[in-house]
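Peer 1: Handing you this structure, nothing more for now.
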Amino acid sequence: MKKIALLAAVAALAAAAVAFAGVGRPDGAHGAAPATGQHITVTATGTVKHVPDQAQLSFSVVSQADVAKTAMSANSSDTRQVIDALKKAGVDAKDIQTQDVSLQPRYRENSSTIDGFTASNSVTVTSSIDKAGALVDAGVSAGANQVSGPSLGIADQDALYRSALKDAIATAKLKAQAIAEAAGVGVGRVTNVVEGSTDGGPVMYQAMAMKAADSAAPIEPGQQEIQASVTVTFAIS
């Protein structure tokens, strides 16, 4: 029994010596294997600016009558005239969409007695910006008594977003190189990329005048900013 206990003690001392030797070596037990977690992770944003080429307008017809059916009938007739005028002005049918149809009672002041009815119909129209001013004139002339907008946008926004992603990756690499230089290391290959997201709509920048007929409502397209963000991890070389 004493001999067995002595052998066990010797084995334990030997294991402790090996473990201590491993701690003393900065490379670990294998020497050539790099330590885990040697990387640089940065987040960057890419930006592309572009002049909007689309405008969305809302045209509404509001009609009043003593009888609900009369108000609705008159409103429907006037709305058809507005839609026809917009089509004649060059708007494709697929770019005209009904937004809201409503019929509401009107009450006498300080009373629950119905004094008539108000019917309304609203349509949204998407067109090129250079036609937007003329469309406002056409819609109002045809009977639209409420016009709102324009909401400006870019037709091929996906292509611009992809360009913004490329710019974000390039910016991420520059940031990683600056960090690596300050730390006295090099930047290796990309090991991971995560696409980020930005909240809110495009940012409007300086106005750029649209060439339109003198009689058309002036529309200033300005400039929109498309942003994309990425988080990129680079290996340290």
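The values are calculated or read from the model by the stated rules, or taken from the named source; none is laboratory data. Values in this document were obtained by computation on a predicted structure and should not be read as measured data. Note that each Cβ is placed from the backbone with ideal geometry, even for glycine, and that neighbours are counted across all protein chains shown. With ligands, DNA and RNA removed, areas are computed over all heavy atoms of the protein, side chains included. Shrake-Rupley method; radii C 1.70, N 1.55, O 1.52, S 1.80 Å.
Peer 1: Only one of these is over 30 Å from Asn75 (Cβ atoms) and either modelled with pLDDT of 90 or more or part of a helix (DSSP H, G or I) (or both): Ala170, Ala209, Ala155, Ala138. Name it.
Peer 2: Ala170
Peer 1: Looking at region 173-206, which of its residues are part of a strand (DSSP E or B), at pLDDT 90 or above and under 29 Å from the mean Cα position of the chain (by Cα)?
Peer 2: Across region 173-206, the qualifying residues are Val190, Thr191, Asn192, Val193, Val194, Glu195.
Peer 1: Looking at Asp66, Asp92, which one is out of contact with any strand residue (DSSP E or B) (no Cβ under 8 Å at 6 or more places or on another chain), modelled with pLDDT of 90 or more and open to solvent by 60 Å² or more (accessible area, probe 1.4 Å)?
Peer 2: Matching residue, one of Asp66, Asp92: Asp92.
Peer 1: To continue, here is another question. Are there any pairs, at least 6 apart or on different chains, whose C-beta atoms fall under 8 Å, with the first in region 139-151 and over 7 Å from Phe59 (Cα atoms) and the second open to solvent by 60 Å² or more (accessible area, probe 1.4 Å) and not in a strand (DSSP E or B), and if so, which?
Peer 2: Listed by first residue and then by second, the contacts come to Ala142/Gln81; Ala142/Asp84; Gly143/Gln81.
Peer 1: Sticking with this structure for a sec: If Arg80 meets every condition in (1) of a type in the set (D, E, K, R); (2) within 18 Å of Phe59 (Cβ to Cβ); (3) more than 33 Å from the chain's Cα centre (by Cα); (4) open to solvent by less than 80 Å² (accessible area, probe 1.4 Å) apart from one, which number is that one?
Peer 2: All conditions pass for Arg80, except number (4).
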